[in-house]
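Structure record follows, encoded as C-alpha cells.
The values are calculated or read from the model by the stated rules, or taken from the named source; none is laboratory data. Source: prediction; values computed, not measured. Here the Cβ positions follow ideal geometry from the backbone for every residue, glycine too, while neighbour counts run over all protein chains shown. The accessibility values were calculated without ligands, DNA or RNA, using every heavy atom of the protein model including side chains. Shrake-Rupley method; radii C 1.70, N 1.55, O 1.52, S 1.80 Å.
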Amino acid sequence: MSENKKTVLELANITKSFGSVVANANVYLSLYKGEILSILGENGSGKTTLMNIISGIYYPDSGKIYINGEEVVISSPKDAFKYKIGMIHQHFKLVDVFSATENIVLGLNEGAVIDAKKAEKRVREISTAYGFEIDPKKKVYQMSVSEKQTVEIIKVLYRGADILILDEPTAVLTPQETKKLFRILRKMRDDGKSIIIITHKLHEVMELSDRVSVLCKGKYVGTVNTSETNENLLTEMMVGKKVHLDIKRAVPVNPVPRLTVKNLNCVNREGVKVLSDVSFTANSGEILGIAGIAGSGQRELLEAIAGLQRVSSGEILYNDPQAHKTENLRDKTPVQIRNLGVRLSFVPEDRLGMGLVGNMDIVDNMMLRSYGKGRSMFLQRKQPKNLAVDVVRNLDVVTPNINTPVRRLSGGNVQKVLVGREISSAPTVLMAAYPVRGLDINSSYTIYDLLNAQKENGVAVIFVGEDLDVLVELCDRILVIGSGHVTGVVDGRNTTKEEIGLLMTKGASHKTEGETLQ
Amino acid sequence: MSVKTSPAKQPLFHIVKRDAMPWWKSWLVRIAAVLVSLVVCGIISVILTKENPFKIYGMMFEGSFETERRRWMLIYRTAILLAIALAITPAFKMRFWNIGAEGQVLIGALAAGACMFKIGDSMNNASLIAIMAVSAIAAGMVWALLPAVCKAFWNTNETLFTLMMNYIAIQLIAYFSYVWKPKGTGQLGVINQNTQAGWLPDIAGNKYLLTVIVVAVLTVLMYVYMKYTKQWYEISVVGESENTARYVGINIKKVIIRTLAISGAIAGLVGFLIVSGADHTVTTDTAGGRGFTAIMVSWLAKFNPLYMVLTSFMLVFFERGAAEITTQIKSLNESFADIITGIIIFFIIGCEFFINYKIVFRGSGNKNA
C-alpha cells in the first residue's frame with residue numbers, strides 16, 4: 001500500500017558528528033503524506049539529533065534532504081517553516097506570562113500590530129478542526145503540562161505546518177491525556193498531515209504509528225510496517241547485535257544484604273510520581289546494575305538513598321556489617337547518614353555540577369566530603385593534599401599539578417578525581433550514576449576496574465548505566481526500572497540485551513494498566 | 001554531491017579566552033593600564049585647562065601627600081573603603097549580590113548616632129562607646145539579615161532587596177536628623193560637641209589612628225577567615241554550586257544567613273567607626289556611595305583582602321587627587337574630579353579584559369589555534 005503514497009520528506013546519507021562522537025551515521029529516512037511514523041531507539045541513538053537536523057537547528061555534516069522530491073537546504077528553523085516543517089520539543093519553549101494566543105503568534109512577521117481578535121479566531125478554528133480543548137486567553141503559567149503541549153502543537157499548525165515532529169510527547173502526559181493526544185494525531189493524519197513521533201515506548205509505537213524506523217547507536221537499522229511487526233522484533237532491532245567488551249567479572253564472594261529498599265515512593269518537585277513501590281536489595285561483594293530509559297527514576301532513586309531526595313513512603317534499610325544492626329536511612333540528611341557511621345559513597349551523574357566544584361583545585365575537591373570532621377573551625381588541608389597526590393598517582397590523572405582547578409581537566413580525568421575521592425573513604429556502599437558517560441575507552445576501563453576492585457573488597461556497588469552491553473558484562477545482577485517501577489531483576493550472567501530492553505520499555509504499559517484500573 | 005565548504009571570510013579579529021596568565025604579567029598589565037589612564041587624563045586636562053600635564057599630576061600627588069593632615073586623610077579614607085569592601089566580600093563570594101552595603105553602613109551609623117544623641121550624658125565614655133558599637137553592629141546585621149532570610153526561605157531576589165534597603169536607611173536618617181536637629185539650625189550638626197561623649201579617643205594626638213588600627217585588625221582576621229576556616233569553604237561551595245552543597249550535606253539556608261550576618265555586622269561596625277571616629281554626626285551622605293565603590297574594590301582584588309588594601313588605596317588616591325585639581329584650578333568645578341576618576345576606573349576595569357582574553361588578528365590566528 002505504501003507504493004502509491006506520496007513521499008513528502010526524504011533523508012539520504014545524513015551524517016552529523018559532535019567532536020569525535022558520531023550522532024548520526026549515514027541515516028536514511030522517508031515520510032509519506034498522511035502517515036504517522038515512529039522513530040524508535042535507545043538513549044543516545046541519535047533520534048533527537050536527526051529531528052533537529054530536519055527542523056533546522058543542526059546542519060548535517062553530509063547527506064541530502066528532499067521535500068516533495070526536491071533537494072532542499074534547511075539551515076535554520078526559519079527554513080524549516082518555509083518547507084512547512086514544525087517541531088514540538090520535549091521541553092516547551094513558551095513565555096509564561098503570555099496567553100496561549102500571544103505565544104502562538106509570537107515571532108510571526110505579520111507587521112508591528114498583532115490583530116488579537118483575528119489570531120484568536122484562527123486559534124479557535126484550528127482547535128475545533130482537530131478537537132483541541134484550549135482557552136486562547138489563558139496564560140501559560142496557569143496551564144497544565146498537557147495544555148502547554150497543546151499550545152505548542154497549535155503554534156506549529158498556525159504556521160501551516162504539514163510535517164509535524166513530536167519529541168517524546170507522551171513523556172509528560174497522564175495515560176488519559178496520552179489517549180486524547182493520540183486521537184488528535186490520528187485526526188491530523190486523516191487530514192493529510194505527516195507526523196513523526198519520537199518515542200521509546202513500544203506499546204505506543206504499536207498503538208499509534210503506521211510505520212516504524214529504528215536507530216541504534218547513531219546508525220539506521222531499518223523501517224518496518226507496524227502491522228507486520230511486534231514488540232519483540234522491534235526490541236531486537238533497537239538494542240542491536242551483542243558487542244563483546246571483555247570486562248572481567250569475578251564471582252561474588254559471600255554476598256550478604258547490605259542495603260534493602262522497600263516499597264519506596266517518591267514525588268518530584270512538579271508533583272509527578274517518579275518512583276512507585278520500588279523494592280530491591282544490594283548485596284555486599286556484588287555489582288548491582290540499574291538499567292532503564294533515561295529519566296525513569298534512576299536519579300531520584302540514588303538521591304533518595306543518599307538523602308538528597310524527599311521520599312513519600314517506604315524504607316531504606318542499611319545493614320551495618322560491623323555493628324550488626326540495621327539503620328533506616330529514610331528522611332536523613334547526608335550529614336546524618338554520615339554521622340550514623342554509614343559509609344555511603346555516591347558518584348552523581350552531574351560531575352562538575354554536583355560531585356565536584358569546578359573552580360576549586362583537586363585538593364579542595366578532595367575534602368568536599370570530609371572537611372567538616374573535627375570540632376576545629378579551621379580546615380585541615382594536610383590529609384586532602386596527601387589524598388590528592390595519591391589519587392593523581394594511582395589513577396593516572398593527567399593534570400599539571402594538584403592545585404589545578406578541576407574544570408580545566410578533561411572529562412575522564414574529572415571522573416577519576418571524583419571516583420578516587422568517593423572510594424578513598426573506604427565505602428561499604430558505592431553508588432555510581434553513568435560513571436563512564438562521555439569517557440574514552442581507556443578511562444572507561446579504568447572505572448570498570450575500580451568498581452570491580454571495590455566489589456572484591458566486599459563493597460555493595462550500585463551501577464546505573466545506559467549501555468546495555470556494559471551492564472550485561474559488568475554486573476552480577478541487573479535491576480530494570482521503567483517509569484519509576486521495578487520491571488524486573490535479572491541475573492547478569494544469564495540475561496540478554498533483548499530481555500533487558502523489553503523490560504525497560506515495559507514500565508510505561510504497566511503504569512497505563514495500573515491507572516486505568518483505578 | 002560535495003557540500004560547499006568554502007570557509008567564511010574571517011573577521012578582522014576575534015577574541016580568545018586565555019589560559020591563566022602568570023601573576024607578574026597580569027600585574028604588569030594592570031600597572032600599564034594605570035599609566036595609560038594617567039596619560040589620557042593628562043591629555044584631557046591639558047585640553048581643558050591649558051596647563052602643563054606634569055603640573056596636573058603634581059596636583060594629584062599634592063592632594064594626597066602634601067600635608068600630614070592630607071596623608072592621614074588618605075590613610076583614613078582608604079581604611080574605611082577597605083573595611084566596607086571586607087564587609088561585602090563574604091556575600092559576594094557566595095554569589096549573593098549584596099549591593100546594600102551603603103544602607104548597612106548608614107543604619108549602623110544611625111544606630112551609633114542615636115546612642116550618642118539619646119544616652120550620651122548618662123554614662124561614662126567607655127561604656128557608651130561599647131554600646132554604640134554593639135548597636136551599630138546589630139543594626140547592620142538586621143539590615144543584611146532581612147534580605148538573607150527572605151532569600152534563604154523564599155528565594156527572593158537579593159539584588160533588588162538589598163538595593164531597596166539602602167533607600168529605607170537613607171530615609172530614616174533624613175527623618176531623624178530632622179527630628180533631632182537643634183532649634184534654629186537647618187541640620188543635625190556635630191553631636192555632643194561640648195562633652196565629646198561617644199567620640200573615639202585620639203591616640204598619640206591622632207583622631208584617625210584608632211580607626212585605622214581597628215580596620216587593620218579586621219583585615220588580618222578576614223584574611224585568616226578566608227584562607228583557613230571551614231565556614232569560608234562552605235561559602236565557596238554554596239557560591240559555586242548549590243547542588244554540590246546539597247550533595248555534601250551543607251545546610252544552605254544556614255550558610256546564607258550566617259554569611260550575611262557577618263557581612264552586615266562588619267558594615268554596621270564601619271558605620272560606627274565613621275560616626276564615632278571622625279564625623280561625630282549622621283547625614284544621608286555618611287557612607288558617601290562607598291557602599292558601591294567597595295564592590296569594585298573587592299572585585300578588582302579578586303576577593304583577596306591583601307589586594308584590597310592596594311585597590312582601595314588606589315581608588316582613594318585618585319579620588320583625592322582629582323578633587324585637588326578641581327580646587328586648584330578655578331575654571332573647573334567638581335565634575336572634573338568625577339571625569340578623571342571615571343577615566344582611571346575605566347582603564348583599570350578594562351584591563352581585566354586583556355588579562356582574561358586575547359585578541360587574535362586575521363592572518364596571525366593560525367599559529368595560536
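Would you mention how many residues in the range B:217-254 are at the interface with another protein chain (Cβ under 7 Å from one of its Cβ atoms) and of a type in the set (Phe, Trp, Tyr)? The number of residues fulfilling the criteria is 3. Remark: residue B:257 falls outside the filter, which requires a residue to be buried (at least 22 other Cβ atoms within 10 Å of the Cβ), part of a helix (DSSP H, G or I), more than 8 Å from chain A (Cβ to nearest Cβ) and not basic (Lys, Arg).
Just one of the listed residues (B:228, B:175, B:233) is closer than 29 Å to residue B:257 by Cα and open to solvent by 60 Å² or more (accessible area, probe 1.4 Å), and it is B:228. Within the set of pairs 6+ apart or on separate chains, which have a first residue in the range A:362-391 that is charged (D, E, K, R), a second that is surrounded by 15 or more Cβ atoms within 10 Å (Cβ to Cβ), and C-beta atoms under 6 Å apart? Filtered contacts from the range A:362-391: A:369/B:248; A:385/A:363.
The sole residue among B:219, B:244, B:211, B:185 that is more than 30 Å from residue A:380 (Cβ to Cβ) and not in a loop (DSSP other than H, G, I, E, B) is B:211. Are any residues in the range A:58-82 of a type in the set (Val, Ile, Thr) and either free of Cβ contacts under 8 Å to residues at least 24 places away in the same chain or within 13 Å of chain B (Cβ to nearest Cβ) (or both), and if so, which ones? Selection gives A:65, A:72, A:73, A:74.
Among the residues of the range A:11-40, the one identified as among the hydroxyl-bearing types (Ser, Thr, Tyr), within 15 Å of residue A:53 (Cβ to Cβ) and open to solvent by 70 Å² or more (accessible area, probe 1.4 Å) is A:28.
Quick one: would you say residue A:45 is at pLDDT below 90, assigned to a loop (DSSP other than H, G, I, E, B), among the polar types (S, T, N, Q) and buried (at least 18 other Cβ atoms within 10 Å of the Cβ)? Judged against the criteria, residue A:45 is a match. Here residue B:200 does not qualify as at pLDDT 95 or above, in contact with a Leu (Cβ under 8 Å, 6 or more places away or on another chain) and either open to solvent by 30 Å² or more (accessible area, probe 1.4 Å) or more than 14 Å from every other protein chain (Cβ to nearest Cβ) (or both).
Against the test of being modelled with pLDDT under 90, of a type outside the set (Val, Ile, Thr) and open to solvent by less than 20 Å² (accessible area, probe 1.4 Å), the options A:173, A:164 yield a single qualifying residue, A:173. Screening the range A:362-375 for residues that are surrounded by 19 or more Cβ atoms within 10 Å (Cβ to Cβ) and charged (D, E, K, R) and picking the one that is nearest to the other protein chains (Cβ to nearest Cβ) gives A:369. Inside the range B:280-297, residues that are in contact (Cβ under 8 Å) with a residue 24 or more places away in the chain and over 9 Å from the mean Cα position of the chain (by Cα) make up a count of 7. Within the range A:327-352, track down each residue that is away from chain B (no Cβ under 12 Å) and either touching a residue at least 60 places away in the same chain (Cβ under 8 Å) or buried (at least 20 other Cβ atoms within 10 Å of the Cβ) (or both). Answer for the range A:327-352, where residues must be away from chain B (no Cβ under 12 Å) and either touching a residue at least 60 places away in the same chain (Cβ under 8 Å) or buried (at least 20 other Cβ atoms within 10 Å of the Cβ) (or both): A:329, A:342, A:343. Applying a threshold of 7 Å to beta carbon distances and a minimum spacing of six or more residues, or different chains, the list of pairs starting in the range A:227-251 at a residue that is within 16 Å of residue A:501 (Cα to Cα) and ending at one that is of a type in the set (Lys, Arg) and part of a helix (DSSP H, G or I) reads A:239/A:497; A:242/A:497.
So that you can scan it fast, the table gives a plain yes or no per residue for (1) open to solvent by less than 80 Å² (accessible area, probe 1.4 Å); (2) over 26 Å from residue A:180 (Cα atoms); (3) assigned to a loop (DSSP other than H, G, I, E, B):
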{"site": "A:92", "(1), (2), (3)": "yes, no, yes"}
{"site": "A:109", "(1), (2), (3)": "no, yes, yes"}
{"site": "A:114", "(1), (2), (3)": "no, yes, yes"}
{"site": "A:121", "(1), (2), (3)": "no, no, no"}
{"site": "A:125", "(1), (2), (3)": "no, no, no"}
{"site": "A:129", "(1), (2), (3)": "yes, no, no"}
{"site": "A:133", "(1), (2), (3)": "no, no, yes"}
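Here residue A:355 passes the criteria (1) more than 11 Å from every other protein chain (Cβ to nearest Cβ); (2) among the small types (Gly, Ala, Ser); (3) under 28 Å from residue A:409 (Cβ atoms) except the one numbered (1). Is there a residue in the range A:233-240 that is open to solvent by 80 Å² or more (accessible area, probe 1.4 Å), out of contact with any Lys or Arg (no Cβ under 8 Å at 6 or more places or on another chain), part of a loop (DSSP other than H, G, I, E, B) and charged (D, E, K, R)? Among the residues of the range A:233-240, not one is open to solvent by 80 Å² or more (accessible area, probe 1.4 Å), out of contact with any Lys or Arg (no Cβ under 8 Å at 6 or more places or on another chain), part of a loop (DSSP other than H, G, I, E, B) and charged (D, E, K, R), which makes the answer no. In the condition set (1) away from chain B (no Cβ under 14 Å); (2) part of a helix (DSSP H, G or I); (3) of a type outside the set (Val, Ile, Thr), residue A:396 is compliant with all but (2).
Within the bounds of the range A:86-100, is there any residue that is hydrophobic (A, V, I, L, M, F, W, C), under 30 Å from residue A:5 (Cα atoms) and in the same structural domain as residue A:199 (by TED's automatic domain parsing)? So far as the range A:86-100 goes, yes, one or more of its residues are hydrophobic (A, V, I, L, M, F, W, C), under 30 Å from residue A:5 (Cα atoms) and in the same structural domain as residue A:199 (by TED's automatic domain parsing).
Only residues that are in a loop (DSSP other than H, G, I, E, B) and exposed (fewer than 15 other Cβ atoms within 10 Å of the Cβ) were counted in the range A:62-89, giving 5. Residues that are assigned to a helix (DSSP H, G or I) and among the aliphatic types (A, V, I, L, M) occur in the range A:453-467; there is at least one. Looking across the range A:309-326 at every residue that is over 17 Å from residue A:462 (Cα atoms) and surrounded by 17 or more Cβ atoms within 10 Å (Cβ to Cβ), the one that is nearest to the other protein chains (Cβ to nearest Cβ) is identified as A:309. Selection over the range A:215-230 of residues that are crowded, with 16+ Cβ neighbours inside 10 Å and either within 22 Å of the chain's Cα centre (by Cα) or not in a loop (DSSP other than H, G, I, E, B) (or both) gives a count of 10.
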